[in-house]
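S.K.: Provided herewith is a single structure, encoded as structure tokens, for subsequent inquiry.
The values are calculated or read from the model by the stated rules, or taken from the named source; none is laboratory data. What you are looking at is a predicted structure, and each value in this text was computed from that prediction instead of being measured. With ideal geometry, Cβ positions are generated from the backbone for all residues, glycine too; neighbour counts draw on all protein chains shown. What goes into the accessible areas is simple: the full protein's heavy atoms, side chains included, and nothing from ligands, DNA or RNA. Shrake-Rupley method; radii C 1.70, N 1.55, O 1.52, S 1.80 Å.
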Amino acid sequence: MASVMLVTWRESLEAAIIIGILLTAVRRLGEPRAVAGVWAGAGVGVIASLALGGIVKAYGFAWEGPAEKWMELGVFSVAAVLLTQMLVWMQRNKRVLRGEIERRAEEVLTRGAWGGVAAIAFLGVLREGAETVLFLWSIVLQQTETVSHASMLAAGAGGIVLAAGLAWLFFAGISRLPVAWFFRVSTVLLVMLIAGLASSAVHEAVELGLVPAIVKPLWNTSWLLDHKSLAGTAVRTLTGYRANPALTEVLVYAATLGVVSLLVYRAGRRIPPGA
């Protein structure tokens, strides 16, 4: 369940950083009453995210036959695109993110718009929450019956707790943890997850006859690690591993890995205006 913990940790850490920056800003600006607004906005964002998760759980798996294949194709594709966008955006804006959030908080507080701070917190948490729901949904669709929902819930909760703890240590100033290093490692793992999602999308497209398999299977390593086994499922959801992939899946995996890595690298080197 490393992939579940990775996604919840990364998304929760980003949400926690946004909340931490807002709390720091309102206290520095001498607006203690706005602290309640930040927490209220964050709380409503969490509730909205949980509601979205409940809707997905209730209606997201009521698909059968070809419709299920089309649904999975769409989920894998959208998740891969959004996850790529999130990584590129974070790399491009990580140097100015704190200043931008503080600037927006100062603007709304200057106008006396207490609800504005709550809205910033709400939208920040809801965005990360909605992305988490989508990414976890795509991970669940790749699971087999060998993985229980309880283990996934525990992994997700573990990721959230780790993120909250790391963010608290960072903002409390009592730790010099290399947050940048954690982000670099998680970025590498998420790039692999994106490539795996793209490969899974192509697998569904092959099953639907939308694209040719070219060679199927290209190899078969089930004797070494079956992707339907417990260990194989863990490796599959984190890296996109499949024991008997078609050539098309392998080509898309390699191409996605290269393209996303290049996009993230270039975004990290770009200096935003005003930085």
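S.K.: Quick one: how many residues across the stretch 231-259 are under 22 Å from the mean Cα position of the chain (by Cα) and not in a helix (DSSP H, G or I)?
M.R.: Counting residues in the stretch 231-259 that are under 22 Å from the mean Cα position of the chain (by Cα) and not in a helix (DSSP H, G or I) gives 3.
S.K.: Could I ask something else about it? Need the failing condition index for K228 against (1) in contact (Cβ under 8 Å) with a residue 40 or more places away in the chain; (2) surrounded by 18 or more Cβ atoms within 10 Å (Cβ to Cβ); (3) assigned to a loop (DSSP other than H, G, I, E, B), just the number.
M.R.: (2)
S.K.: Any idea which residue in the stretch 128-185 is modelled with the highest pLDDT, counting only those that are open to solvent by 50 Å² or more (accessible area, probe 1.4 Å) and not in a helix (DSSP H, G or I)?
M.R.: By that ranking, first place goes to S148.
S.K.: Restricting to the stretch 231-250, give me the number of residues that are without any contact (Cβ under 8 Å) to a residue 24 or more places away in the chain, out of contact with any Phe, Trp or Tyr (no Cβ under 6 Å at 6 or more places or on another chain) and open to solvent by 50 Å² or more (accessible area, probe 1.4 Å).
M.R.: Qualifying residue count, the stretch 231-250: 1.
S.K.: Regarding P212, is this residue of a type outside the set (F, W, Y) and touching a Pro at 6+ places or on another chain (Cβ under 8 Å)?
M.R.: No: the conditions fail for P212.
S.K.: Separate question: Would you check if A42 is surrounded by 14 or more Cβ atoms within 10 Å (Cβ to Cβ), at pLDDT 75 or above, more than 20 Å from the chain's Cα centre (by Cα) and not in a loop (DSSP other than H, G, I, E, B)?
M.R.: For A42, the condition - surrounded by 14 or more Cβ atoms within 10 Å (Cβ to Cβ), at pLDDT 75 or above, more than 20 Å from the chain's Cα centre (by Cα) and not in a loop (DSSP other than H, G, I, E, B) - is not met.
S.K.: May I ask you to verify whether K216 is in a loop (DSSP other than H, G, I, E, B), at pLDDT below 80 and open to solvent by 60 Å² or more (accessible area, probe 1.4 Å)?
M.R.: Working: in a loop (DSSP other than H, G, I, E, B): yes; at pLDDT below 80: no; open to solvent by 60 Å² or more (accessible area, probe 1.4 Å): yes.
So K216 fails the test.
S.K.: Residue check: is T256 open to solvent by less than 60 Å² (accessible area, probe 1.4 Å) and at pLDDT below 90?
M.R.: no
S.K.: Then there's this: Residues being acidic (D, E) and surrounded by 19 or more Cβ atoms within 10 Å (Cβ to Cβ): count how many of those fall in the stretch 64-93.
M.R.: Qualifying residue count, the stretch 64-93: 1.
S.K.: Going by what's in this entry, would L29 be described as surrounded by 22 or more Cβ atoms within 10 Å (Cβ to Cβ), farther than 25 Å from W137 by Cα and over 11 Å from the mean Cα position of the chain (by Cα)?
M.R.: The answer is no for L29.
S.K.: What residue, of L6, L13, is buried (at least 16 other Cβ atoms within 10 Å of the Cβ), closer than 23 Å to V88 by Cβ and at pLDDT below 80?
M.R.: None of the other options fit; the residue is L6.
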